[in-house]
Amino acid sequence: MKQQNVLKVILNSSVPSVKEAGRDLTYLAVVVVGIAVTGGLFYVIFKELFSSSSPNKIYGAALEKCRAHPEIIGALGGPIKGYGETTRRGRRRHVSHREYIKNGTKHIQLVFYIEGIEPIKGTVHLDAKENPESGRYDFCYIFVDFDTYPKRTIIVEDNR
């Protein structure tokens, strides 16, 4: 009798129950899904912020070209700042962009706004196409429309 009780204790302590195995499997599945979601988020963040073909990088390069253009500096005054769409509550959001394919080449169009110390504002329009060899985007055109009367447009770059 003592041997049977000892054997039952040994068997019960060494073999996990089905309930414990199911719980362990559930925890493992949650951890694997969490790692996959985190990896996906890191990929999207890296692609958006550090890729040379992201809209934010193209926006930054175009803004620098606008800041260096003497006619724009003369029209707006310095320092020039750029921003994206504005919501009804006055908050500035992302730069609006549109990606498309023309003749087998990827293109991207961006629209953003610039302003300086003068009371006028400018709307920057640009189109960039992907260079097949380098994978980077080259500007087709960049021009700035000002909200003045009469309407004024400054061409920063035109490679069409």
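Of K81/K129; K57/K106; K129/K151; K65/K102; K65/K129; K102/K129, which pairs sit farther than 21 Å apart, going by alpha carbon to alpha carbon? Flagged as over cut-off: K81/K129; K129/K151; K65/K102. Taking every alpha-carbon pair under 8 Å whose residues sit at least 6 apart, region 53-158 reaches a relative contact order of 21 percent. Annotation: E99 carries an accessible surface of approximately 110 Å², with a 1.4 Å probe and no ligand, DNA or RNA atoms counted. Among residues other than Y141 with Cβ under 15 Å from its Cβ, the summed charge is 0 (Lys and Arg +1, Asp and Glu -1). For N131, the residues 5 or more places off, or on other chains, whose built amide H falls under 5 Å of its own are R136, Y137, D138.
Enumerate by residue number the trypsin sites (Lys or Arg not before Pro) in region 67-137 meeting two conditions: DSSP loop (anything except H, G, I, E, B), and at most 15 other Cβ atoms within 10 Å of the site's Cβ. Hits after loop and neighbour filter: R88, R89, R91, R93, R136.
At a Förster distance of 45 Å, what's the computed FRET efficiency of R23 paired with K57, Cβ-Cβ distance as r, to 0.05? FRET efficiency, R23 to K57: 0.45.
Shown in residue order for region 140-156 are the 3J(HN,Hα) couplings computed by the Karplus curve 6.51 cos²θ - 1.76 cosθ + 1.60 at θ = phi - 60°: 7, 7, 9, 9, 10, 9, 9, 8, 10, 10, x, 4, 10, 10, 10, 8, 7 Hz (x for Gly and Pro).
The values are calculated or read from the model by the stated rules, or taken from the named source; none is laboratory data. All of these numbers come straight from a predicted model, not from anything done at the bench. So basically every Cβ, Gly included, is an ideal-geometry build from the backbone, and we count neighbours across all protein chains shown. We work out accessible area using only protein heavy atoms, side chains counted, and drop any ligands, DNA or RNA first. Shrake-Rupley method; radii C 1.70, N 1.55, O 1.52, S 1.80 Å.
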